[in-house]
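Engineer: This is the structure, below, for whatever I ask next.
The values are calculated or read from the model by the stated rules, or taken from the named source; none is laboratory data. Just so it is clear, the model here is predicted, and its values are computed rather than measured. Reconstructed Cβ throughout: ideal geometry from the backbone, glycine too, with neighbour counts over all protein chains shown.
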Amino acid sequence: MIGIPTQPLVRDPSRSPFRTLVVDDSAPLLERLCRLLDAQPLIELVGATQQGRKALQLAEALRPDLVLMDLNMPLVDGLQATTILYRQHRHIRVILMSIDGSPKAQTSAQALGAHGFIWKPRIQSDLMTEIHRAFK
């Protein structure tokens, strides 16, 4: 279960919040991620969807700084969407999330342009660290 992290990102007054789009085909997880991110002062949640194809449309329209993307989704999966985002919107940071925490999944994500990878059972503890890492 996802809870609120104990260490929120510290807001840098010189930096606007990271405009964030969340993508996961699980409605309960998507809702929990949105609540978790809403509690972060350095995150501005600009959109959420359960579909990879819709994520591409929203990324075009909303121009987020960050996309948290599920790896395994029907039709357009996270790897396909990440590849397209990387080619079309180099400024967007993508962090892929998966129940598969294998080195192969992580390597595939990075090879296709992802800036980070989170094993879903560790979202609560690793999400903010991975976001910091993606923007360094």
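Engineer: Can you find a residue that is within 20 Å of THR129 (Cβ to Cβ) and not in a helix (DSSP H, G or I) anywhere in the stretch 76-89?
Structural biologist: Checking the stretch 76-89: not a single residue is within 20 Å of THR129 (Cβ to Cβ) and not in a helix (DSSP H, G or I).
Engineer: Please find, within the stretch 90-111, the residue that is surrounded by the fewest Cβ atoms within 10 Å (Cβ to Cβ) out of those that are part of a helix (DSSP H, G or I) and among the aliphatic types (A, V, I, L, M).
Structural biologist: For the stretch 90-111, the residue satisfying everything is ALA111.
Engineer: If the Cβ limit is 6 Å and pairs must be 6+ apart or interchain, which residue in the stretch 118-135 that is within 16 Å of ALA39 (Cβ to Cβ) and outside any strand (DSSP E or B) pairs with which residue that is modelled with pLDDT under 90 and β-branched (Val, Ile, Thr)?
Structural biologist: These pairs meet every condition: ILE123/ILE2; GLN124/ILE2.
Engineer: Can you tell me which residue is modelled with the lowest pLDDT among those in the stretch 36-60 that are part of a strand (DSSP E or B) and surrounded by 17 or more Cβ atoms within 10 Å (Cβ to Cβ)?
Structural biologist: ILE43
Engineer: State the number of residues belonging to the stretch 20-35 that are surrounded by fewer than 16 Cβ atoms within 10 Å (Cβ to Cβ) and of a type in the set (Lys, Arg).
Structural biologist: Counting residues in the stretch 20-35 that are surrounded by fewer than 16 Cβ atoms within 10 Å (Cβ to Cβ) and of a type in the set (Lys, Arg) gives 1.
Engineer: Out of curiosity, is VAL76 in contact with a strand residue (DSSP E or B) (Cβ under 6 Å, 6 or more places away or on another chain) and either under 25 Å from SER16 (Cβ atoms) or at pLDDT below 95 (or both)?
Structural biologist: Judged against the criteria, VAL76 is not a match.
Engineer: Within the group ILE123, ILE118, ILE131, ILE95, which residue is under 21 Å from ALA55 (Cα atoms), β-branched (Val, Ile, Thr) and touching a His at 6+ places or on another chain (Cβ under 7 Å)?
Structural biologist: Only one candidate passes the filter, namely ILE95.
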